[in-house]
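The values are calculated or read from the model by the stated rules, or taken from the named source; none is laboratory data. All of these numbers come straight from a predicted model, not from anything done at the bench. Heads up, the Cβs are rebuilt from the backbone with ideal geometry, glycines too, and the neighbour counts pull from every protein chain shown. Just the protein is used for accessible areas: all its heavy atoms, side chains included, with ligands, DNA and RNA removed. Shrake-Rupley method; radii C 1.70, N 1.55, O 1.52, S 1.80 Å.
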Amino acid sequence: ACTGIENIDEAITLLEQNNWDLVAAINGVIPQENGILQSEYGVETLHGPAYGPTSHSAAASSAPSSSSAFRHVVPSRQIVERQPRMLDFRVEYRDRNVDVVLEDSSSVGDIKHILENELQIPASKMLLKGWKTGDVDDSTVLKSLHLPKNNSLYVLTPDLPPPSSSHSGALQESLNQNFMLIVTHREVQREYNLNFSGSSTIQEVKRNVYDLTSIPVRHQLWEGWPSSATDDSMTLAVSGLTFPCHRLTVGRRSSPVQTREQSEEQCTDVHMVSDSDGDDFEDATEFGVDDGEMFGVASSALRKSPMMPENAENEGDALLQFTAEFSSRYGDCHPVYFIGSLEAAFQEAFYGKARDRKLLAIYLHHDESVLTNVFCSQMLCAESIVSYLSQNFITWAWDMTKEANRARFLTMCTRHFGSVVAQTIRTQKTDQFPLFLIIMGKRSSNEVLNVIQGNTTVDELMMRLMAAMEIFSAQQQEDIKDEDEREARENVKREQDEAYRISLEADRAKREAQEREMAEQFRLEQIRKEQEEEREAIRLSLEQSLPPEPKEESTESVSKLRIRTPSGEFFERRFLASSKLQVVFDFVASKGYPWEEYKLLGTFPRRDVTQLDPNKSLLEVKLYPQETLFLEAKE
């Protein structure tokens, strides 16, 4: 935490040189203005050089009477190379957290520049808050703030509107739409009608066009892309294309080497043009020989724009320039560099199906290394290496020449591989570049299998690539086996779930049918009860409304009727001969045989009495003085 040294071997070496005296070892590497002396009461900080004659005199003049209270240890190594102290920042913005790792010599503006790329927010719109010392400006150097190693900050954007849910809905709708791209191949005057979903990227379009036209992506010269389409990793939905149909034109670059005027004329296509501004390649004249001539490459090819712009807005554009500049320097036979961010390269290499995964090769270029031209022209561009990389690797590149690009890559490296790998790359000297990192994706992390330095041969490079492939192939076979077993388990689970769902559906249908049947039975029973109650009420009403039965000794004419039921029972009753036939019908109904359901039949002659006029008297219908009648259910 005091010195910024993370390499355990270097720390142990410093302690051994100072006889394992911690304060003396720290004095040897911390800034001189923060020298540390040890007293019997603790550790005291004195302003002045940490060691040497001046510190002795300063100590003597400042505390002559207490010289015995201080024991100053002079390190055995008088000149110690101080490693830069790294600071970790966790920056919060709305629902996102961004980790930034920077040297303490960087400024607050450098943090904003990194956040601008990560959050896609202009640095001028950011307010970086959370500093322990109050507000600071962009030019403030981090070292002057005396910050701890780990820090937490947050970003405010009062000038920007909050995210809109309706905008998210519209974006999701655009991602689900299909775009028709009418691509004209300029050289052969042929049109291709291509359908892409809104979630497809510009890079996918260019790769498909490569399959149709045989023009590699790095040699494609486009017209018609919207000005907002500044990144090949951008989806078509947000690129500004005209929906549902958009016209584009593609052609092949006439020459990989372009003059400054040609580059400026082709600036209309932001995807295809390399930035021609920048410092010329510095010649190594130490031996009185031009670098280009020494390594068999024309010096005019080296004195060109840098491999990568120093402050590119996004990694895709930077890699487009890198690829174009690499082709102009070393020819078209070179590895196919992945165009996009390092995260996108991870997705392409590691996160597909196990059978489709590849190793990731990261090429770190450095223009100031004397090994760069030999490595690129004789090894990296060798046909065997190019073929092997294209078949088995996703190759991603970065230029470490400029300090800003170097710091940016180290930040990415710390985030994805950890501080140990980042420190390993940080301690590499310029003449050890270029570097070739071989990365293998694992379930929980990304593992660096090999770091290949520039001082190697084609055979050694191929052997190390093949060794990495053997390790990867063994891991890939395990992943394929695990993936197949997982898919088999998921298939069995899906089949079981489907069978269980069908069984539940059948049980539910059966239960619903039973419930409907029971409900129908209950309803019919209710209707039957209501009908019986209604019939009983009618019967009682008719029974109460009947005239009294005349006595046998009545002086009036009396008709005696004997009625036989369908069950064979008989019941008798006397009626006045003058009574209407309706009275007989009511009497029969009061016994439970309504005339709407039963007919009353006479014997001699056989006739249906219910068909007679109910208002006629018994005497008129000849049911006097006595008669036997039969009840019969109507059909």
Got a sec to turn the phi values of the stretch 353-360 into Karplus ³J(HN,Hα) couplings, 6.51 cos²θ - 1.76 cosθ + 1.60 with θ = phi - 60°, whole Hz, x for Gly and Pro?
-> 5, 4, 5, 9, 6, 9, 6, 10
Counting only protein heavy atoms and leaving out ligands, DNA and RNA, the solvent-accessible surface of residue 569 at a 1.4 Å probe, in Å² to the nearest 10, equals 120 Å²
Mind giving me the nanometre distance, one decimal, between the label points for residue 620 and residue 497, set 7 Å out from Cα along Cα→Cβ?
-> 8.5 nm
Calculated from backbone phi, Karplus (6.51, -1.76, 1.60) coupling profile of the stretch 557-566 in Hz, x at Gly/Pro = 5, 10, 10, 9, 10, 10, 10, 9, 7, x
Solvent-accessible area per residue, Å², over the stretch 558-633 with all protein chains present [probe radius 1.4 Å] | 54 Å²
For residue 129, the lysines lying under 18 Å Cα to Cα, once residues fewer than eight places off in the same chain are dropped, come out as 112, 143, 149
Taking H placed 1.01 Å from N in the peptide plane, check which residues at least 5 places from residue 607 or on another chain put their amide H under 5 Å from its amide H.
-> 602
Excluding residues fewer than 8 positions from residue 580 in its own chain, the aspartates and glutamates with Cα under 14 Å of it are 549, 613, 620
To the nearest 20 debye, what charge dipole does the stretch 558-633 have about its Cα centre, counting +1 at the Cβ of each Lys and Arg and -1 at the Cβ of each Asp and Glu?
-> 280 debye
Taking amide H positions as placed in the peptide plane 1.01 Å from N, state which residues far from residue 396 in sequence (5 or more) or on other chains have amide H under 5 Å from it.
-> 338, 361, 362, 363
What does the charge count near residue 581 come to, summing +1 for each Lys or Arg and -1 for each Asp or Glu among other residues with Cβ under 14 Å from its Cβ?
-> +1
Can you find, among 412, 397, 432, the residue farthest towards the positive end of the dipole of the stretch 393-445? Put +1 on the C-beta of Lys and Arg, -1 on that of Asp and Glu.
-> 412
Using a simple charge model, +1 on the beta-carbon of Lys and Arg, -1 on the beta-carbon of Asp and Glu, nothing else, what dipole does the stretch 342-545 show about its Cα centre, in debye to the nearest 20?
-> 880 debye
Once phi is turned into ³J(HN,Hα) by the Karplus curve 6.51 cos²θ - 1.76 cosθ + 1.60 with θ = phi - 60°, what whole-Hz value does each residue of the stretch 490-505 show in order, with x for glycine and proline?
-> 5, 5, 4, 5, 4, 5, 5, 4, 5, 5, 5, 5, 5, 4, 4, 4
Quick one: which residues, 5+ away or cross-chain, put their amide H under 5 Å from the amide H of residue 564? H built at 1.01 Å from N.
-> 629, 630, 631
If you place +1 on the Cβ of every Lys and Arg and -1 on the Cβ of every Asp and Glu, how big does the dipole about the Cα centre of the stretch 442-596 come out, in debye to the nearest 20?
-> 1180 debye
